Amino acid sequence: MHSCKQLPVSFEFLPGAWNFSEILAMGFDQSTKTSYCQCRKWNSFLELKFLSVLVVLLLTILPNAAAYDPLDPTGNITIKWDVVSWTADGYVAAVTMSNFQMYRSIMSPGWTLSWQWAKKEVIWSMVGAQTTEQGDCSKFKGNVPHCCKKTPVVVDLLPGVPYNQQFSNCCKGGVVSAWGQDPIGSVSAFQVSVGLAGTSNKTVKLPTNFSLLGPGPGYTCGPAKVVPSTVYFTPDHRRKTQALMTWNVTCTYSQFLASSKPKCCVSFSSFYNETITPCPSCACGCQNKNNCIMSDSKQAHRAGINTPKKDNTPLLQCTHHMCPIRVHWHVKINYKDYWRVKLAVTNFNYRMNYTQWTLVAQHPNLNSVTQVFSFDYKPLVPYEAINDTGMFYGMKYYNDLLMEAGPYGNVQSEVLLKKNKDTFTFKHGWAFPRKVYFNGDECLLPPPDAYPFLPNSAHVNPFSILTMVFSVLLFMFTI
């Protein structure tokens, strides 16, 4: 049987020569037909194999690419396991979850963490957290483990649990603040005692297939990696101790994995144009259009309407955009050296309030913020040379809670910015933000051609022009 290698070199590399009649016209005889057909099958196989490898490669790369956030390029959640002691059949580990994301928190009902044991490990006990299921522990006599499942699912304990069940940075119902907003509250931790496991650094097998919900989907976790052991200081800071073994798991967020539709939208208005640019129609998808409630209906005021569902299904107010959150940016006043913007965030979800919410905006003049009146503000500088992004969030005990849809379901503030005379203009929509994020999810902006435009000229009173003309003529005739 002929193969491609037996064919003449000129035949193997004929550009686009898939038509056998064309090959014959170039001087090859009929005896090459069998080899040609075989070669064509072989080439088809190689092409199919190449495409398969390419698809697998793209599927591997794309989730990681989608998780990259240009406004928070190093943001992630790191889960650290510190083995603090060995036991007769395993180890005791302190598990610390640190949220290094600048403006993305984990809201109620909190995080859910799961993994798969490498061997037949069990969890003897936990402090500061618990598994949602015990699993089948029937083979144990006397002392029964806390969880025997191959893939345990762990959740945080609620506030107010007995003191002997608490661990440092635990028991917040799974709520974890963004690092840029509250570094102290951006940590959650628990302790776990593992049995039927290795009892030394060489025999311990790291858990695999980590999964994090925060509280919904969107996070992708990498494999566990052994890192240098964590060093601890004693309370008097005079002595150092260290973990017996440490491994890290890094989880990154992708809005695409969390939802195929945006979760918020943006509307614009200005003092120099009466037109209000609304959110785009069906900005967040209209799949909930049949289950929404009109704001003036009796249903909106019935008892229990604000009670959340276990699956966090939203109950939205009927709007043309059908988004749970709308951010409104209003260019309010123009001064000689300053200009003023009013920000308003409105909640249209009757079943959810937003604790410790964050609002991120990208605008070139945010490098000259003079005063923010009713929000706290922190500039975000992911790239040292560019300062055009800032995070707004509520003042503690004042407006850090965005209530459910209704008369109290909004927060607002005003921002005073100093003009940069080299770049400042009201033309071409320059006064409006380039990007807006709410709670870490990018909001859908209106199309640029719909922005409130600056009038070409000021309104002129025709009577004043006539008066001026008559005055000039009268003056000329009196000379």
Subset of the stretch 356-389 [more than 18 Å from Cys264 (Cα to Cα), in a loop (DSSP other than H, G, I, E, B) and either touching a Lys or Arg at 6+ places or on another chain (Cβ under 7 Å) or among the aromatic types (Phe, Trp, Tyr) (or both)]:
His363, Phe373
Among strands (runs of 3 or more DSSP E) entirely inside the stretch 105-145, those with 2 or more residues being loosely packed, with under 14 Cβ neighbours inside 10 Å are none
Can you tell me which of (1) modelled with pLDDT of 95 or more; (2) open to solvent by less than 20 Å² (accessible area, probe 1.4 Å); (3) under 25 Å from the mean Cα position of the chain (by Cα) is the one Val153 doesn't meet?
(2)
Taking the stretch 96-129 as the region of interest, how many residues are within 17 Å of Asn169 (Cα to Cα) and among the β-branched types (Val, Ile, Thr)?
4
Out of the stretch 204-228, which residues are open to solvent by less than 80 Å² (accessible area, probe 1.4 Å) and more than 30 Å from the chain's Cα centre (by Cα)?
Val204
Considering Thr132, Thr87, Thr96, which residue is over 32 Å from the mean Cα position of the chain (by Cα) and either at pLDDT 95 or above or in the same structural domain as Val381 (by the TED database) (or both)?
Thr87
Elements of type strands (runs of 3 or more DSSP E) contained in the stretch 260-355, each with 3 or more residues being over 18 Å from Trp430 (Cα atoms) and not aromatic (Phe, Trp, Tyr)
338-347
Kindly provide the set of residues from the stretch 350-360 that are crowded, with 23+ Cβ neighbours inside 10 Å and polar (S, T, N, Q), ordered by number.
Thr358
Could you tell me whether any residue of the stretch 361-373 is crowded, with 19+ Cβ neighbours inside 10 Å, closer than 17 Å to Ser105 by Cβ, modelled with pLDDT of 95 or more and of a type in the set (A, V, I, L, M, F, W, C)?
no
Touching a strand residue (DSSP E or B) at 6+ places or on another chain (Cβ under 9 Å), modelled with pLDDT under 90 and either open to solvent by 70 Å² or more (accessible area, probe 1.4 Å) or outside the structural domain of Cys282 (by the TED database) (or both): is that true of Pro455 in this structure?
yes
Only residues that are without any contact (Cβ under 8 Å) to a residue 60 or more places away in the chain and open to solvent by 60 Å² or more (accessible area, probe 1.4 Å): list them for the stretch 309-331, please.
Lys309, Lys310, Asp311, His320
Across the stretch 156-175, the tally of residues that are open to solvent by 50 Å² or more (accessible area, probe 1.4 Å), of a type outside the set (A, V, I, L, M) and assigned to a loop (DSSP other than H, G, I, E, B) stands at 8
Checking the structure you have, find out if any residue of the stretch 230-241 is crowded, with 20+ Cβ neighbours inside 10 Å, in contact (Cβ under 8 Å) with a residue 60 or more places away in the chain and either of a type outside the set (Val, Ile, Thr) or more than 29 Å from Asp441 (Cβ to Cβ) (or both).
no
Given the criterion closer than 20 Å to Phe438 by Cα and open to solvent by less than 70 Å² (accessible area, probe 1.4 Å), identify the matching residue among Ala258, Ala300.
Ala258
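The values are calculated or read from the model by the stated rules, or taken from the named source; none is laboratory data. Note that the structure is a prediction, hence the values are computed from the model and not measured. All Cβ positions, glycine included, derive from the backbone under ideal geometry; neighbour counts span all protein chains shown. For the accessible areas, the whole protein counts, side chains as well, though only heavy atoms, and no ligand, DNA or RNA atoms are used. Shrake-Rupley method; radii C 1.70, N 1.55, O 1.52, S 1.80 Å.
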